[in-house]
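Here's the structure, in structure tokens; my notes come after.
The values are calculated or read from the model by the stated rules, or taken from the named source; none is laboratory data. Since this is a predicted model, take the numbers as computed values, not measurements. Here Cβ is always computed from backbone atoms with ideal geometry, including for glycine, and neighbour counts include all displayed protein chains.
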Amino acid sequence: MNKPQMEIMQVLDLQTSPSPKKTGLEQKKTASTPFKNKLRKTGPRFTIKKNLHIKPQDIRLRNLEWVPEAELHTARDCLGITSVNGRIYAIGGRTSIGNDSLFQKEASLVDAYDPSTKTWVTKEAMLYPHAGNAAATGSDDKIYSFGGYIKMTENNYNDPRYKILAASGSISNIVQQYDPSKNTNAWSLKPPMPRERVFHAAVSTADGFIYVFGGYGIERTWPDPSNPSEKSSQVIKLNKTDKYNVQTDTWADAAPMQTPRSGPAAVLGKDGLIYVMGGLGENCQWLPTVEAYNPAEDSWEQKTDMPTPRGAFSAVIDNEGKIYAIGGVCEHDSTDTVDIYDPASDAWETGTSILVDRLSHGAVTTDQNIIYVVGGSQHNKSAGIKKLLSSVISSSL
């Protein structure tokens, strides 16, 4: 197994090894020694550290009533999720789990949920199955799936679709567009992203752009002309921002984030800023950091940290402009915590926990101001739990 495959395997199964590289992101912990010891988990293959960002603040509790919804047809995590025309779309994802989870055919499944009838309907499958992809609905009311992990297996090795550039069984830069209209219900390829990404975030804006942030990417070491056989690549965490123009089908660079990260969540605020939060940092620590991107000025601003450092989670916004950070992973276990951010006051409060802790799930807010949390996986190392979820829950705001 090559190094990029090994590193993506570690992320999917939460066996992340720390990098020896130190960054300014590490901060001194003020907790007591016994408590700090509980935050350092050591095994034969990994060590994960959780950085504490403890700030004196008044944390309020907001009551959320979570209720079960109709379950997904197929349990999966690492999926893309978005909504359009009153329907919620679950796109791609991983349909098996464990040490051989990359050696399965990532889901090309596309299911649409109608909240009014509480039913899932299977739609046209993606052209290329992906896991760890990001989905967004463009200003043209079409759905876009960006990148992810695409795996070559014995079953698809001779499939001509997999002979295209960047589809050779690794991190992908493929962009697929879905037209949800009744007369079309079809997928097509769009211009690929400037760089490969997996476990990234995508946000659409009303002026016809979609921004893609962070994730894992590939850094290549090009061969020395005198020794062309010596070339290599490694998986890195990205701070790059790519900007896609829906109308012209073109890509451009935007200002990079201040913090490289994989597994972040991102959401468009009512104030026109895009909030990117959390993820796994360069030093393999779960981040609480929040950055706000101003598309008009192409600039970033640091915001108040989340109370709960986390990655592989979802973020949504309600009709009042509050942002909800839901679930995810901290250390190596999935979490059920919900943190709520008010951009106007740059402050956080706590919401009622979700019914089942989960990571690598999807979440959306509908026009009726209802949050839907879809799929994901549940991990608890001490209890020996590692399973995919078909569970769907909702909460009226």
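Picking from THR221, THR289, which residue would you name as being at pLDDT 95 or above and among the β-branched types (Val, Ile, Thr)?
Numbers: THR221 fails: at pLDDT 95 or above.
On inspection, the qualifying residue turns out to be THR289.
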Inset, instruction - Just give me the residues in region 341-356 being within 23 Å of GLN285 (Cβ to Cβ) and either among the hydrophobic types (A, V, I, L, M, F, W, C) or crowded, with 21+ Cβ neighbours inside 10 Å (or both), in sequence order. - result: TYR341, TRP348
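Condition first: surrounded by fewer than 18 Cβ atoms within 10 Å (Cβ to Cβ) and in a loop (DSSP other than H, G, I, E, B). Now tell me which residues in region 242-268 satisfy that. Let's see the steps before the verdict.
Initially, region 242-268 is screened for residues surrounded by fewer than 18 Cβ atoms within 10 Å (Cβ to Cβ), giving 245, 247-250, 252-253, 255-256, 258.
Hits for region 242-268 are GLN247, THR248, ASP249, ALA255, PRO256, GLN258.
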Inset, instruction - Please go through region 334-370 and pick out each residue that is of a type in the set (Asp, Glu) and at pLDDT 95 or above. - result: ASP336, ASP339, ASP342, ASP346, GLU349, ASP357
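Which one is surrounded by the most Cβ atoms within 10 Å (Cβ to Cβ), of the residues in region 287-315 that are within 16 Å of TYR211 (Cα to Cα) and of a type in the set (A, V, I, L, M, F, W, C)?
Within region 287-315, the match that is surrounded by the most Cβ atoms within 10 Å (Cβ to Cβ) is ALA315.
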Inset, instruction - Could you tell me which residue of region 275-306 is nearest to ASP339 (Cα to Cα), considering only residues that are of a type in the set (Gly, Ala, Ser) and assigned to a strand (DSSP E or B)? - result: ALA292
Inset, instruction - Give region 316-353 a look and list any residue that's closer than 19 Å to SER394 by Cβ and either without any contact (Cβ under 8 Å) to a residue 24 or more places away in the chain or not in a strand (DSSP E or B) (or both), or say none. - result: ASP318, ASN319, GLU320, LYS322, GLY327, GLY328, ASP336, THR337, THR352, SER353
Legend entry - Residue within region 357-367 that is of a type in the set (Lys, Arg), buried (at least 19 other Cβ atoms within 10 Å of the Cβ) and part of a loop (DSSP other than H, G, I, E, B) present: no
Inset, instruction - Would you check which residues across region 348-368 are closer than 24 Å to VAL110 by Cα and touching a strand residue (DSSP E or B) at 6+ places or on another chain (Cβ under 7 Å) and list them? - result: VAL356, ASP357, ARG358, LEU359, SER360, HIS361, GLY362, ALA363, VAL364, THR365, THR366
Inset, instruction - Can you work out which of the residues in region 127-172 that are modelled with pLDDT of 95 or more and of a type in the set (D, E, K, R) is surrounded by the fewest Cβ atoms within 10 Å (Cβ to Cβ)? - result: ASP141
Legend entry - Candidate set: region 371-385, residues that are surrounded by 13 or more Cβ atoms within 10 Å (Cβ to Cβ) and part of a loop (DSSP other than H, G, I, E, B); chosen: the one modelled with the lowest pLDDT: LYS381
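Looking only at region 371-397, filter to residues that are of a type in the set (A, V, I, L, M) and without any contact (Cβ under 8 Å) to a residue 12 or more places away in the chain; which one of those is nearest to ALA75 (Cα to Cα)? Spell out the reasoning first.
Of the residues in region 371-397, the ones of a type in the set (A, V, I, L, M) are 371, 373-374, 383, 385, 388-389, 392-393, 397.
Now narrow it down to the ones that are without any contact (Cβ under 8 Å) to a residue 12 or more places away in the chain: 383, 385.
Numbers: ALA383: 21, ILE385: 15 Å.
Looking at residues that are of a type in the set (A, V, I, L, M) and without any contact (Cβ under 8 Å) to a residue 12 or more places away in the chain, I get ILE385.
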Legend entry - Pairs with Cβ under 7 Å, 6+ apart, first in region 115-126 and exposed (fewer than 12 other Cβ atoms within 10 Å of the Cβ), second assigned to a strand (DSSP E or B): THR122/ASP111
Inset, instruction - Taking ASP333 as the residue in question, decide whether it is acidic (Asp, Glu) and in contact with a His (Cβ under 8 Å, 6 or more places away or on another chain). - result: yes
Inset, instruction - Can you give me the number of residues within region 273-298 that are within 21 Å of TYR324 (Cβ to Cβ) and in contact (Cβ under 8 Å) with a residue 40 or more places away in the chain? - result: 15
